[in-house]
1. Distance between Cα centroids, the range 52-70 to the range 139-209: provide it in whole Å.
2. Give a residue-ordered list of calculated ³J(HN,Hα) values for the range 153-160 (Karplus: 6.51 cos²θ - 1.76 cosθ + 1.60, θ = phi - 60°; whole Hz; x for Gly, Pro).
3. If you plug each phi of the range 118-127 into the Karplus form 6.51 cos²θ - 1.76 cosθ + 1.60 with θ = phi - 60°, what whole-Hz ³J(HN,Hα) values come out, in order, with x for Gly and Pro?
4. Within the range 48-192, what is the number of lysine pairs with alpha carbons under 17 Å apart, leaving out pairs fewer than eight places apart on the same chain?
Amino acid sequence: MLNYCFILYSISKILLNNFLAYRKLKNIKSKILNEALEIGATEGVYNITARKIAKNCDISTHTIYNHFLSMRDVIDSIAFNYDRKYMEDIKKVILEGYSKQEIFYHFLDIFIREKSNTLYYISYVHCYGFNPTSKNDRSKEFIPYAKYIFNDNLDDDTIMFLWDFITRILFYYAEKIIKGFIPYDENYKNMMFNAITQGINNFIKDNIK
C-alpha cells in the first residue's frame with residue numbers, strides 16, 4: 001500500500017511539474033518580445049541580449065531560439081509589428097476623414113502615450129537606420145499611406161523622403177515631450193504642426209512634376 005501511495009505521489013508530482021512548465025511556456029513568444037521591448041526602450045536596442053531576456057523571463061536562451069531565428073529577428077519583429085500597427089491606424093483615420101492636422105496630433109498623442117514603443121523605435125532606427133528611398137524593401141507598405149498625407153503627384157522617392165522626414169520629426173518631438181524637455185500644450189502643438197507643414201508645402205511646390 002505504501003509503495004502504491006508513493007507511485008501515485010510521484011506521478012502527481014510529475015504531472016504538476018509538467019503543468020507548471022506548460023504554464024510557464026504558454027505565450028512565451030509574446031513574453032520574449034515584451035521583455036526585449038522594455039530593454040530596448042530603457043537601455044537602447046543595442047543592449048538587448050538573449051541572456052537578459054532569458055533571465056527576466058525565467059527561461060533558457062535555448063527557448064528564445066526555439067521561437068526566433070536570431071536576436072536580430074527578435075529586434076526586427078518588434079519594430080515591424082510597431083510599423084504595421086500604426087499603418088493600420090493611419091488607414092483607419094484616413095477612412096474616417098481626419099484632416100492632416102488631426103492625423104498629426106493623433107499620432108503625436110499615441111507616441112507620447114505609448115512611451116516604451118516610441119523610445120524603442122527611436123533607438124531601433126538610430127541603431128539600424130532607415131532607407132528613405134523607394135529602394136527600401138518595405139517601401140510598398142509605406143507609400144500608399146504617405147501619398148494621402150503628401151501628394152499623389154510626387155514620385156515614389158520623394159514620397160519616401162517626406163515620409164521619413166515627417167515620422168522622424170514626430171518621433172523627435174515625442175521624445176522631447178516624453179523626457180520633459182518641452183511641454184505638450186496647444187501652443188507647442190500648433191508651433192510643431194505649422195513649422196513642419198509650411199516647410200513640406202514649400203518643398204512639394206518645388207518638386208511636383
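Each reported figure results from applying straightforward, stated rules to the coordinates on display, with no laboratory input. As the structure is a prediction and not an experimental result, all values here were calculated from the model.
1. 38 Å
2. 7, 7, 6, 4, 5, 5, 4, 5
3. Karplus values, whole Hz, x for Gly and Pro: 5, 5, 4, 5, 4, 5, 4, 5, 4, 7.
4. Within the range 48-192, the lysine pair count is 14.
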